[in-house]
Amino acid sequence: MSVSDDAFLGGRLMILQPKQGYRAGLDAVMLAAAVDDRQGAPFMLLEAGAGVGTAGLCVARRCPAARVVLVERAPALVKLARENIARNGLAERVSVLEADIANVSQADLSACGISEGAFDCVVANPPYHTEGAGTAASHALKAAAHAMPETGLDDWCRFLARMARPAGAALIVHKTAALPDLMSALDGRFGGLSALPLHPFAGKPAGRVLLSGTKGSRAPFRLEAGLVLHEAENRFTAGAEAVLRLGQSLSVAYGNVRQADAVS
């Protein structure tokens, strides 16, 4: 398998990933940037369907007190994830569990030194399409990353709820059109849901949404003010640049931009 060596967070993280098939990019970094660093306190984070580990490794790089577990079923991607952990010097805090989220046993978890209900935060970037809908990708890894069974979202959300501790946080990035299905799959598992639209340009419909929730919460749903990713000539906005190049969290990056706008 031919791989590329790609710089993330302005070169603070170097990621090996397949040249052909699914490739991690903006969605994974935005997902990671939405994770609260808990003011430097230790916390445990699980990334479901982690691929080569981009989102989880972005969290580990930004949050030195985070312990991260990556769950991925494709052996080729697991191998790359382990290489990415080692080459970025994160082996003490990041590990990989090779397993399908729909069939993770307690023995699988125990072998990795983890247990159900142990994670302060669980994150995922599930496949965006349903198997059988449209034309499948020609590359096997890309097809698996982009399509899942019709009941797939429920499987993903069930696994996230299984792994999150009481009052633990869940974060999912997905296409905006999937928001109703996502909210349905999270119902009864995570509450206090908050949807943050990601707009490609100002005035354009959001193509992606970051959905967050808290396990066991009964707080009402909130629709947040959206974030704009690009400006003229397809340049990243100041907020997006601070996330993608400087490795800042969404709250810091866009908070600073809004403060600057208010002052000006």
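Bear in mind that the values in this text are calculations on the coordinates, not laboratory data. These figures come from a predicted structure and were not determined experimentally. With ideal geometry, Cβ positions are generated from the backbone for all residues, glycine too; neighbour counts draw on all protein chains shown.
Quick look at the numbers
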{"read-out": "Sites excluded, GluC sites (Glu not before Pro) in DSSP loops with at most 14 other C-beta within 10 Å, longest stretch of the chain", "value": "1-91"}
{"read-out": "Of 58, 112, 121, the one that fluctuates the most in a GNM where the chain has Cα springs shorter than 10 Å", "value": "112"}
{"read-out": "For mean projected area of the Cα convex hull in nm², calculated from these coordinates, the label among [x] 16.6; [y] 15.3; [z] 14.4", "value": "[z]"}
{"read-out": "Helix-only CD estimate at 222 nm, as mean residue ellipticity for the chain, using -39500 (n - 2.57) per DSSP H run (n ≥ 4)", "value": "-9000 deg cm²/dmol"}
{"read-out": "Distance between segment 150-221 and segment 12-84 - C-alpha centres, whole angstrom", "value": "18 Å"}
